[in-house]
1. Treating the beta-carbon of each Lys and Arg as +1 and of each Asp and Glu as -1, no other charges, what is the dipole magnitude of the chain about its Cα centre, to the nearest 20 debye?
2. Tell me the Kirkwood radius of region 232-371: reciprocal of the mean inverse pair distance over distinct alpha-carbon atoms, in Å.
3. With Cβ to Cβ distances under 10 Å as the rule, what net charge do the other residues near LEU350 carry (K, R +1; D, E -1)?
4. Ignoring everything except DSSP H segments at least 4 long, calculate the 222 nm mean residue ellipticity for the chain; use -39,500 (n - 2.57) per segment, divide by total residues, nearest 500.
5. Return, ordered by residue number, the residues of region 53-71 whose backbone nitrogen is under 20 Å from a label point located 7 Å along Cα→Cβ of ASN272.
6. Using a 10 Å cut-off on Cβ atoms, rank the peptides 225-235, 53-63 from the highest mean neighbour count down.
7. Membrane-span-like helices in the chain: DSSP H runs reaching 18 Å or more (Cα, own axis), mean Kyte hydropathy at least 0.5?
8. Relative to the Cα centre, what is the charge dipole magnitude of region 165-355, using +1 at the beta carbon of each Lys and Arg, -1 at the beta carbon of each Asp and Glu, and rounding to the nearest 20 debye?
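Quick note: the coordinates plus some simple rules give every number you see, no bench work behind them. As the structure is a prediction and not an experimental result, all values here were calculated from the model. Here the Cβ positions follow ideal geometry from the backbone for every residue, glycine too, while neighbour counts run over all protein chains shown.
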Amino acid sequence: MLPKWFDKWNADNPTNVFGPAILVGVLGGAIFVAVLLVTWGNPAQTASMQTGPRGTGMSVPEFDVARLAPDPTIDAYYTEAAYKPNGDEELAKDIYKNVQVLGDLTEDNFNRVMNAMTQWVSPEEGCAYCHGDVDLEEYGSDKIYTKVVARRMIQMTQSINEDWSGHVNAVAEVGVNCYTCHRGENVPSDIWFRISPVNENVEGWSANQNRATSLSQSTSLPSDALAKYLEDAEVIAVHSLESREDGVPGQDGYASIQQTERTYSLMNYFSNSLGVNCVFCHNSRAFYDGGQNTPQWSTASLGIAMVQSLNTDYLVPLKDTYPPERLGPVYADAPKAACRTCHKGYQRPLQGMNMTADWPELAVSGTPVYK
């Protein structure tokens with residue numbers, strides 16, 4: 001049964017079985033690993049997206065096991081083709097009470113969108129999440145805050161698709177709908193609240209950093225970058241390259257070290273939100289030269305302006321509509337959006353799925369165009 005060399009070696013060394021056992025084990029293990037690599041592929045294999053000239057390190061590498069893995073929330077996405085109107089149907093605003101948005105839809109399309117919103121935002125609670133456990137005749141009531149918020153979110157979604165097409169459709173015509181952020185949850189993941197400083201006695205700079213919060217990506221960088229840049233719309237900048245300059249940093253045309261650290265905090269948040277690195281937007285040998293930025297920098301800049309607008313015009317004003325348990329833990333502020341609220345770690349939300357193809361009602365604020 002066994003090779004002759006093994007029988008001879010075993011006869012000459014009857015008490016030592018470790019040598020050949022180790023040899024056979026090593027050879028067998030190597031063969032097993034080789035077979036796995038051939039059949040399953042190298043788990044450490046990477047692919048790089050080139051973002052600038054070769055030889056400058058301008059590439060975004062990613063492990064294939066992560067790059068090729070589908071977004072797990074895609075499987076739960078609900079969609080349904082629209083009903084093309086004939087032109088003689090009654091409209092939702094003439095059938096139902098208090099229809100302030102989507103009133104120009106036919107009854108079939110209106111109910112289709114309502115059903116989809118239920119699947120996207122409250123699949124467990126159903127219609128009662130916004131309307132309450134009441135008869136259909138009472139659905140027009142605005143007593144429940146979720147309905148008031150949902151109405152405003154519909155308007156926000158339409159605004160994103162109409163006014164910020166340069167960002168959401170930068171690569172392809174995909175747009176957004178409720179599922180882009182909610183993913184089957186009442187409250188989207190990766191919203192944020194103000195948390196710095198925690199009280200008046202620690203208002204100094206040290207209170208904004210060295211706290212390793214979720215808003216600083218668990219680093220010692222400042223925790224108020226999202227508040228300063230995505231709500232207050234302060235200028236995003238880093239310190240000057242000059243060793244000495246006249247004037248006061250932060251006041252005389254160039255950023256202070258504090259502003260610089262805030263910017264690093266925001267950029268770190270950007271990278272983690274999209275699953276990319278610095279050279280996705282910047283030229284690695286000329287960070288200070290905006291003229292050498294990549295095309296993605298323009299798309300990201302539009303995204304910053306878009307988030308600032310969404311927070312200012314839609315999300316922050318809803319503070320008085322929410323119950324206390326929906327507000328922030330420190331300042332009782334309204335929940336706000338940022339890059340990760342939509343992207344959730346992917347360069348393109350839902351890996352570039354078209355979110356308006358079946359939902360033209362959410363793509364425009366007026367009468368939708370059905371194809």
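1. Its charge dipole is roughly 1460 debye.
2. That comes to 18.1 Å for region 232-371.
3. Overall, the nearby charge balance is +2.
4. That comes out to -10500 deg cm²/dmol.
5. 61-63, 66-67
6. My ranking of the peptides, most packed first, is 225-235, 53-63.
7. In the chain, the long hydrophobic H runs are 18-40, 295-310.
8. Using only the charged Cβ atoms, the result is roughly 700 debye.
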